[in-house]
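Data block below; observations after.
What follows is calculated from the coordinates using simple rules that are stated; it is not laboratory data. All values reported here derive from a predicted model rather than from experimental measurement. Here the Cβ is made from the backbone with ideal geometry for all residues, glycine too, and neighbour counts use every protein chain on show.
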Amino acid sequence: MTSADILSLLPLLVVATTGVVVMLAAAFYRNHRLSLILTLAGLLTAFISLPFVSPLTPRQVTSLVLVDGYALFYMGLIFAAGFIVALLTYGYLEQWDGNPEELYVLLLLATLGAAVLVGSSHFASFFLGLETLSVALYAMIAYNRSLRRGIEAGIKYLVLAGVTAAFLLFGMALVYAETGTLAFSGVIAAAGGGPSLQLMVGLGMLIVGVGFKLGVVPFHMWTPDVYQGAPAPVTGLLASMSKGAMFALLLRYFTPVMALERQGLVWVFTAVAVLSMLGGNILALTQDNVKRILAYSSIAHLGYLLVAFLASGPAGQLAVAFYLVAYFATTLSAFGVVTVLSTPDDEAESLRAYQGLYYRRPWLAIIFTIALLSLAGIPPTAGLVGKIFIAAAGVQASLWLLLIVLVLASVIGVFYYMRIVITMFRRPEADVVQPSMVRLPRAASVVLGALSVILVGLGIYPVPVMRIIERTVARLV
Amino acid sequence: MIVVFYIASGVAILSTFLVILQSNAVHALLYAILSLLSVAIVFFSLGAPLVAALEVIVYAGAIMVLFVFVVMVLNLGPGAEGQERVWLQPRTWTGPVILTLVLIGELIYIFLARPGLALGGPAIGPQEVSLALYGPYLLGVELASILLLAGLVGAYHLGREPSD
Amino acid sequence: MAEVPTQYGIILAAILFSLGVAGILLRRNIFFVLLFVEVMLNAAGLAFVVAGARWGQADGQVMFIFVLATAAAEVAIGLGLLLRLHHQFKTLNVDEASDLRG
């Protein structure tokens, strides 16, 4: 490894070092605020280092990691998500009587795993990045270990993630047995020689593993339960970072495989996209639990992203990158509102807890409304612009069936998003016990305000983000 | 060597099958360890002595002992055993067993349908594995250490008594 | 050593993997479910070693070592959660320990 190699890994090294530093700091001197400040400083440094690393790219560091514009863009998104989740966590855990420091260590390790995932160019780094993310998430989901639902959600996620990790590994081994290489580029080249049955079985098992992480139909069973049982900020992380990182990898390496292979895989992904868009939105209609509604909504959003994935090409790349930015900001904003209204032992998840929110906390209700409008794809929000990009990519690739389903699913989606909005603006009934008025944490308020500004800003003037995407992600196409 | 491979494979399959049928947790663990040991022999017959040793030391030696430790802590008594036996009525498992047989049949068909390929080359010893591990896979080793750190911090947090 | 055909090794791994899947479908006790997750991961590791032997490369064994590390991390957290679950629900049955409903 040359010094330029190490330098181009700087963002990853900074996050890894910060994780260890926060852990050691907690071992000697437990202080919640110190852990937060170290975490934020580490993630900020990693984020700032990205443009400095950019001139060195694209660079293949050993056969495992490929640092290029594409990886750096998604790393930036992941670090930003980690930063926001850390800030939200602080207010959430402030009054809790357990130890909050370990959550920051796990958050940093999960961030590192996700960042490695988007930079991976080899089965080994793909798998290790994914597992680092998963193992950190198991403990984060069950972080409040005196709570039954947290433990249950943690076990559920662990067993299902363990089984899918085994599927993923077995698929990798079959592909390796057939092609003799573990690097993505080599696998894609070897697959071009004509796909054999064994290779197809291997790819199928890989898709099971990827599909589970994305939480798309038919691998979605875990999503609502785990979203509901996990602490609210961790749910935000699950919905944004874990799914986004996996999707970035899928987009980069499955697109060439799909191009090689005739039709079969395209039909599989088309079916998954249609089922996810419709299934997610229809199942969300029947829910009264805000966290479960958002879980089903995330299933549908991954379905929308799959439309852009199937469209592929530069338009698809642009659409996915922009949609993921919008989706990250929207999801974190929505779960941020749930977070500030919750405590570790009492999550604000039933729809009743939001009744008349506008009259108690007008700003919070407005922020949540903006996030829900963005999820529904109503102007003037980033969600709408993202959907227009996806639709444009779909039109370019003439995916008419998918586009019809996309529009239909979006219309269904409006109903349940509006249901939450209407609940917030309805006057509270006299007999409903009002949740206690906890003081809003200052850090979280600032973050939520900033996210709302970003959501509306991107909805009105998306050009700056598009410029960055064109300069990083689209440069490769 | 091929005879060794077949016998070890047979034992591995049979003992894994018996893990499924055991209602007693300790008996099931013994079968699981037997299965791992026979897989270690398979590794040896495939010319992979280092991972054969690791299979015995880490899998059978460390990971399975963790399971034994949990059995001791929980003291899964005769009550739990009876409960497991109730769950293992033939009617509860005929369906999954048939499904599994179909799955195995399919997989065997897939792999037998291909033209024969012999395992090539001599044994790959510890030296070659180490050179790969600390050469092209150096970042993988570092990542695996981060992964274990995440496991350590998580297990520490979950395992501690809530009263601290 | 050249006489063991690759597909027999892969078939062995596939059978062990399928037995692991069957075990998870059959057993309702978290303890056994975690045990079968380990069986499945081990089968995947075996498949890697067989594939590595086919190509005469060390990569398969390196991947096995990574799988080993993963299995260890999974089992550490899994058993930690299992102890907590036993503490909270007084049962290891996955069907009984179910508070999360939509």
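Okay, here's what the table says:
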quantity	calculated
Dimensionless Rg over Rh [chain A; C-alpha; Kirkwood]	0.95
Computed over segment A:263-477, Cα set: Rg, Dmax in Å	18.0, 59
Segment A:1-131 - convex hull of alpha carbons, volume per residue in Å³	98
Counting all C-alpha pairs of segment A:231-351, share separated by more than 24 Å (%)	32
Range of Cα positions in segment A:133-174 per principal axis (Å), largest first	42, 15, 6
Set of lysines near A:K291 by C-alpha distance (under 25 Å), chain-local residues within fewer than 8 positions excluded	A:K156, A:K213, A:K243, A:K387
Cα pair distances exceeding 27 angstrom across segment A:156-301, given as percent	26
24 Å tail of the calculated P(r), segment A:116-232, as % of Cα pairs	33
Chain A - mean residue ellipticity at 222 nm from DSSP helices (-39,500 (n - 2.57) per run, n ≥ 4, rounded to 500)	-25500 deg cm²/dmol
Two-site FRET efficiency, A:L408 against A:T17, from Cβ-Cβ distance with R₀ of 51 Å, rounded to 0.05	0.60
Number of partner chain Cβ atoms within 10 Å, mean per residue of B:35-45	4
Estimated dipole of the protein assembly as shown in Debye, rounded to 20 [Cβ of Lys and Arg +1, of Asp and Glu -1, Cα centre]	1480
Nearest-0.05 FRET efficiency for B:S130 and A:I468, computed from C-beta distance (R0 45 Å)	0.55
Two-site FRET efficiency, A:T45 against B:V3, from Cβ-Cβ distance with R₀ of 60 Å, rounded to 0.05	0.50
Kirkwood Rh in Å, taken over chain C so that all alpha-carbon pairs contribute	15.3
